[in-house]
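Trainee: Following this message is one structure expressed as structure tokens.
Each reported figure results from applying straightforward, stated rules to the coordinates on display, with no laboratory input. Computed from a predicted structure; not experimentally measured. Cβ placement follows ideal geometry from the backbone for every residue including glycine, while neighbour counts extend to all protein chains displayed.
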Amino acid sequence: MLQLRPNCECCDRDLPPDSRLALICSFECTFCTDCAATRLGGRCPNCTGELIPRPIRPPVKFARFPASAERVHRPERCTAS
Ligand SMILES: [Zn+2]
Ligand SMILES: [Zn+2]
């Protein structure tokens, strides 16, 4: 099950579970589309894997499968270009 982390690892902006701006890698490192395009070159800076749009979980599922509340923020990994 996806964790659905609540923020971008680079810029710490909020990425709610229904956000269309959220991208993830296969390890669920989570970034916004802006950082992916301008700073990351479309690759995860932690594992170098590709970043793809995070699927939207149907809201009715959140009672049993809540989104993660644990914020991950590692801006030192995100080199500005
Ligand atoms: Zn970002
Ligand atoms: Zn990754």
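Trainee: Can you figure out the FRET efficiency of ARG64 with ARG20, using R₀ = 22 Å and their beta-carbon distance, to the nearest 0.05? Mind dumping the intermediate values first?
Mentor: Working: r = 23 Å, r/R0 = 1.06.
My answer for the efficiency is 0.40.
Trainee: Now for a different question. At a 10 angstrom cut-off on C-beta neighbours, averaged per residue, how do the peptides 31-39, 57-65, 10-18 rank from highest to lowest? Kindly include the intermediate steps, with their values, before the conclusion.
Mentor: Details: 31-39: 19.1, 57-65: 10.3, 10-18: 16.6.
The most tightly packed comes first, giving 31-39, 10-18, 57-65.
Trainee: Still on this structure, I have one more. Could you tell me whether the stretch 1-50 comes out rounded, prolate or oblate from its Cα gyration tensor? Rule is a ≥ b ≥ c as square roots of the eigenvalues, rounded for a/c under 1.5, then prolate if a/b exceeds b/c, otherwise oblate. If you can, show how the numbers build up before the last one.
Mentor: Values: a/c = 1.87, a/b = 1.19, b/c = 1.57.
Cα axes put the stretch 1-50 in the oblate bin.
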